[in-house]
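Enquirer: Got a structure for you, written out below as structure tokens; questions coming shortly.
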Amino acid sequence: PAVTSPCKILKCNSEFWAATSGSHHLGTEEAPEFCTALRAYAHCTRRTARTCRGDLAYHSAVHGIDDLMVQHNCSKDGPTSQPRLRTLPPGDSQERSDSPEICHYEKSFHKHSAAPNYTHCGLFGDPHLRTFTDTFQTCKVQGAWPLIDNNYLNVQVTNTPVLPGSTATATSKLTIIFKSFQECVDQKVYQAEMDELPAAFADGSKNGGDKHGANSLKITEKVSGQHIEIQAKYIGTTIVVRQVGRYLTFAVRMPEEVVNAVEDRDSQGLYLCLRGCPLNQQIDFQTIRSAQATEGRARRKGPSLQAPPEAFTYETATAKCREKLPVEDLYFQSCVFDLLTTGDVNFMLAAYYAFEDVKMLHSNKDKLHLYERTRDLAPSNMAPSGTPSTLWVALLWLSQCWLGLL
């Protein structure tokens, strides 16, 4: 069964944003309509209060409503219907071409140094992690885990079991907190979860607030309910969030300077995009994939120890993944792994879109594809099992010659 949250604060936020689009440009004669929408917003939050007690977006919305009520002299008593207020007239937008230079990372950066180095991190599927250092891992990480934690923003994901009792997990919730930054942006919270991919921040806004450089932080909806992009120009960062099937994917492009902007590097041990998953949360991709292939061959000869969730065999999963991922890199292998562990064909699309995001966000086009590194040493720290016997003979002969010279 789908894992859904009973907290409906995202719905409340979306309804309020739809009702008040462009309202900060309205004249005083339309203030009563804004207050009506604001009371409806407050009513919506009260209806979901019991199930939202621990939700950061909910508490942010409640405080925001109180502030807006005071600013607009709104009475808490009155009608709560939600009329659609007029949109911005042509040519009257929130865009400000005179934003402070400090709110455009690349412009301020070029003044004192060479072009910044950008890095990429992505999380998708069951779940697979590509770190800022291009390390690729398959992890368990069930529950809430921090992906990014630095001086400018925090990103946290929640992973839940794909099937009851299954060890396969996928991302069902994502929270991004953009911290207040000088005259550029106010603190903003973005939250998405299964079947809720809003095109606005938790407070209903689509930019960084009321500060002079507010538009250095903007949300753009690429595909309704499926794909949003967040541009944070003041830190040179682009974030892509998608819903593929029931689950979320995350990808980010961020300058190294921002990645490493932390007060205490030693305290960032669980920062997945930087350090990767803890060893006890990592899955041995190579071993499991070999077992999957062996099981697939055994299934053709006789009964299997564990039936697959769906009708995918190793061969059919491989053929399916090749439709979208013709290069047999780690994205392709992730696709095969996920089809066999979940039986959900949407995981093929998650791997495909994750690689599409890499092509868009990664600054080094030679590193788009990642391949598995072969182990240098066998588990016993002996030489590799594939060392030719002739090499050992040659080494033995040289050692004998050396002894003879002595």
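Enquirer: Give the residues of the stretch 214-248 whose amide nitrogen is closer than 18 Å to a point set 7 Å from the Cα of Ser166 in the direction of its Cβ.
Expert: From the stretch 214-248, the list is 243-248.
Enquirer: Further, regarding this structure: For the cross-link pairs Lys173/Lys320; Lys11/Lys359; Lys11/Lys188; Lys8/Lys188; Lys11/Lys222, which exceed 22 Å when the distance is taken from alpha carbon to alpha carbon?
Expert: Exceeds cut-off: Lys173/Lys320; Lys11/Lys359.
Enquirer: List every residue whose amide H lies under 5 Å from the amide H of Lys211, counting only residues 5 or more places away in sequence or on a different chain, with H placed 1.01 Å from N in the peptide plane.
Expert: Sorted by chain and number, the residues that satisfy this are Asp186.
Enquirer: Between His212 and His59, what length comes free when the chain is fully extended (0.36 nm per residue of separation minus the Cα-Cα distance, one decimal in nm)?
Expert: 52.5 nm
Enquirer: A further question follows. What distance in nm lies between label points placed 7 Å from Cα along the C-beta direction at Ile102 and Val327?
Expert: 4.1
Enquirer: FRET efficiency for Arg50 and Ala199, Cβ-Cβ distance as r, R0 = 35 Å, nearest 0.05? Kindly include the intermediate steps, with their values, before the conclusion.
Expert: Values: r = 27 Å, r/R0 = 0.77.
Approximately 0.85, to the nearest 0.05.
Enquirer: Can you tell me which of 329-337, 204-212 comes out highest on packing, and rank the rest after it, using the mean Cβ neighbours within 10 Å?
Expert: 329-337, 204-212
Enquirer: Considering only protein heavy atoms, with the full assembly of protein chains and a 1.4 angstrom probe, order Leu129, Leu279 by accessible area, largest first.
Expert: Working: Leu129 0, Leu279 150 Å².
The most accessible residue leads, giving Leu279, Leu129.
Enquirer: Assuming R0 = 22 Å, what is the FRET efficiency of Lys367 and Ala115, from their Cβ-Cβ distance, to the nearest 0.05?
Expert: Plugging the Cβ-Cβ distance into 1/(1 + (r/R0)^6) gives 0.80.
Enquirer: Between Thr169 and residues 5 or more places away or on another chain, which pairs have amide H atoms under 5 Å apart, with H built 1.01 Å from N, and which residues are they?
Expert: Val162
Enquirer: Fully extended, how many nm does the chain gain between Val223 and Glu315 (0.36 nm per residue separation, minus their Cα-Cα distance)? Walk me through the numbers before you get to the answer.
Expert: Values: separation 92, 0.36 × 92 = 33.12 nm, distance 3.28 nm.
That works out to 29.8 nm of additional length.
The values are calculated or read from the model by the stated rules, or taken from the named source; none is laboratory data. What you see is a predicted model, and the numbers here were worked out from it, not measured in a lab. Don't worry about glycine lacking a Cβ; one is built from the backbone with ideal geometry, like all the others, and counts go over all protein chains shown. Protein only, heavy atoms only, side chains kept; ligands, DNA and RNA dropped before computing areas. Shrake-Rupley method; radii C 1.70, N 1.55, O 1.52, S 1.80 Å.
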